[in-house]
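First comes the structure, then the notes that go with it.
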Amino acid sequence: MEITYRPATLGDAAVLLSWRNNSSAREYSMNSRIISNDEHLKWLSDRLKKAQLEPFLIFAKDAKLIGMCRLDVISGSDDKNEISILVDSIQQGKGIGKRILEITCEFFFNLSPDKTIVANVHRSNFVSQKLFTGAGFELIKLEGEFFCFEKTFKPKPTHF
């Protein structure tokens, strides 16, 4: 599966908002309310200003946008970024989330091998729980309705 990625731009606002406001995305989100276009544009504009330290990637397959992933610095932490993944609802169930997660982890750890990626997953979102554990994330704790998973960089062993 050939998936490409690039940095998110303001030109992605409409598709990002449609993915975010889809009922399947909101069902397991920490903020499940519908976001207005104006609110989204302000948030996206502010968020893109931080993209150098907090990557925000758009993924495509055959030139069609299929998902996004961003890594937000966790407030009060210098070494942890929280990951958020959204896959177009039409593309779900095809292994795209797994591939986006693999690509994002490799991209992020190449930039910041000393940091940790944190994933907060709703306790009822079994698909995402399986996604993160399958990608080597460790379950750290349950906080309210969300499991907290973490992954740190582990260099691949070199064999001579």
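Read-outs: derived from the displayed coordinates by stated rules, not from any lab. Treat the numbers as computed from the prediction; the structure is a model and nothing was measured. Don't worry about glycine lacking a Cβ; one is built from the backbone with ideal geometry, like all the others, and counts go over all protein chains shown.
Which Cα, out of 74, 3, 31, lies furthest along the positive dipole direction of the range 3-152 (beta carbon charges, K/R +1, D/E -1)? Ranked along the dipole, the leading option is 3. Helical content alone sets the calculated 222 nm signal of the chain at -9000 deg cm²/dmol, taking -39,500 (n - 2.57) per DSSP H segment of four or more residues and averaging over every residue.
Semi-axes of the equivalent ellipsoid of the range 1-65 are 20, 17, 11 Å, computed as sqrt(5λ) over the eigenvalues of the C-alpha gyration tensor in descending order.
Per residue, the convex hull spanned by the Cα atoms of the range 39-110 measures out at 116 cubic angstrom.
Global size of the range 3-141: 14.3, 39 Å for Rg and Dmax (C-alpha atoms, Rg to one decimal, Dmax whole).
By the rule of a C-alpha distance below 26 Å, with chain neighbours fewer than 8 residues away ignored, the lysines paired with residue 42 are 50, 64, 80. Each peptide in 66-74, 89-97 gets a packing score, the mean of other Cβ atoms within 10 Å over its residues, and the list from highest to lowest is 66-74, 89-97.
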